[in-house]
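Derivation of every value follows stated rules applied to the coordinates shown; laboratory data play no part. Remember, it's a predicted structure, so these values are computed and weren't measured experimentally. When we count neighbours, we look across all protein chains shown, and the Cβ atoms used for this are built from the backbone with ideal geometry, even at glycine.
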Amino acid sequence: MGSAAEEHRRVAAAFTTTVEGVTAAAWDQPAPPQGWVARDVVRHLVEWFPAFLHGATGIELPSGPSVDDDPVGAWHAQTAGVQELLDTPVVADREYDLSHIDTMTLAQAIDRIYTADVFMHRWDLARATGQDETLDAERCAEMLEGMLPMDEALRQSGHYGPRVEVPDDADVQTKLLAFIGRTP
């Protein structure tokens, strides 16, 4: 994997392609996780991360249109704002004490928490809207390897559903999705 800025650029571009591929009628299609529709996948990303960022660092992302009015525009505004932070070394390299996580640079926090979330939620949006669900196998393997030792803590966080059983010989994308509670 490259730098946090490069990884975000790559992962966000894949998510952007998926967002831009959603037809107007598909925004209300059911999506994983249960109880969501496709629009909620974008809503999740454009709501939780700015709140986390502001609470942990005081940094505010520029706001875009509402997800209800323009999910594509909301996503474009968010991804541009995050990329600008990562492309500005004086901001990206600043360390913050993220008390519930650790002390790290903003770039590290975005990469570990947000970019990873964008990566995994691309599958949800693709699944909901009938698009290509293929995720980068190398990133899937790296994420799964990093998450396996934290299984209990991740489950207790409430951010992941119960693990889904899959065959031992399943591909790494299937294993990652099953680990986070998705039924591939």
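Does the stretch 1-145 classify as rounded, prolate or oblate by the C-alpha gyration tensor (a ≥ b ≥ c root eigenvalues; a/c under 1.5 gives rounded; else a/b over b/c gives prolate, otherwise oblate)?
Prolate, since a/c reaches 1.5 and a/b exceeds b/c.
Between Met150 and Ala137, 0.36 nm times their residue separation minus their Cα-Cα distance comes to what?
Once the chain is fully extended between Met150 and Ala137, it gains 2.6 nm.
Gain in length, Ile59 to Thr23, computed as 0.36 nm per residue apart minus the alpha-carbon separation, to one decimal in nm?
Full extension of this stretch gives 9.7 nm more.
Treat the count of other C-beta atoms within 10 Å as a stand-in for reagent exposure and order Val90, Val166 from fewest to most.
Neighbour counts put them in this order, fewest first: Val90, Val166.
Over the chain, with a Gaussian network built from C-alpha contacts below 10 Å, which listed residue (Pro167, Pro30, Pro62) shows the highest mean-square fluctuation?
Answer for the Gaussian network model of the chain: Pro167.
What's the FRET efficiency of Asp102 with Thr16 using the Cβ-Cβ distance as r and R₀ = 30 Å, to the nearest 0.05?
FRET efficiency, Asp102 to Thr16: 0.55.
Mean-square fluctuation check for the chain, GNM, Cα pairs under 10 Å: which of Asp111, Asp28, Asp151 is largest?
Largest GNM mean-square fluctuation: Asp151.
For the chain, the longest stretch holding no trypsin sites (Lys or Arg not before Pro) located in a DSSP loop with at most 16 other Cβ atoms within 10 Å is which?
For trypsin sites (Lys or Arg not before Pro) (loop position, at most 16 other Cβ atoms within 10 Å), the longest site-free span of the chain is 1-93.
By counting other Cβ atoms within 10 Å of each Cβ, how are Tyr160, Tyr114 ranked from fewest to most?
Going from sparsest to densest Cβ surroundings: Tyr160, Tyr114.
Rounding to the nearest 20 debye, state how big the charge dipole of the chain is about its Cα centre with +1 on each Lys and Arg Cβ and -1 on each Asp and Glu Cβ.
Rounded to the nearest 20 debye, it is 260 debye.
How large is Rg/Rh for the stretch 46-113, to two decimals, with Cα atoms and a Kirkwood Rh?
Taking Rh as the inverse mean 1/r over Cα pairs, Rg/Rh reads 0.99.
Starting from the coordinates of the alpha-carbon atoms of the stretch 123-184, obtain the Kirkwood hydrodynamic radius over all distinct pairs and give the value in Å to one decimal.
It is 12.1 Å.
Give me a comma-separated list of calculated 3J(HN,Hα) values for the stretch 63-73, in order, Karplus coefficients 6.51, -1.76, 1.60 applied at θ = phi - 60°, integers in Hz, x for any Gly or Pro.
Rounded to whole hertz, the list is 8, x, x, 6, 5, 5, 7, 7, x, 5, x.
If each residue of separation counts as 0.36 nm, what is the full-extension length gain between Glu6 and Ala51 once their alpha-carbon separation is subtracted?
Extra length from Glu6 to Ala51 when fully extended: 13.9 nm.
Where is the GNM fluctuation largest for the chain (alpha-carbon springs, 10 angstrom cutoff): Leu45, Leu98, Leu106?
Leu98
Dipole of the stretch 1-102, Cα-centred, from +1 at each Lys and Arg C-beta and -1 at each Asp and Glu C-beta, to the nearest 20 debye?
220 debye
Report the one residue of Gln29, His44, Leu144 whose Cα lies farthest in the direction of the positive end of the charge dipole of the chain (charges on C-beta: Lys and Arg +1, Asp and Glu -1; origin at the Cα centre).
The residue sitting most towards the positive pole is Gln29.
Most exposed first by the Cβ proxy, i.e. fewest other Cβ within 10 Å, how do Glu20, Glu142 rank?
Ascending Cβ contact count within 10 Å gives the list Glu20, Glu142.
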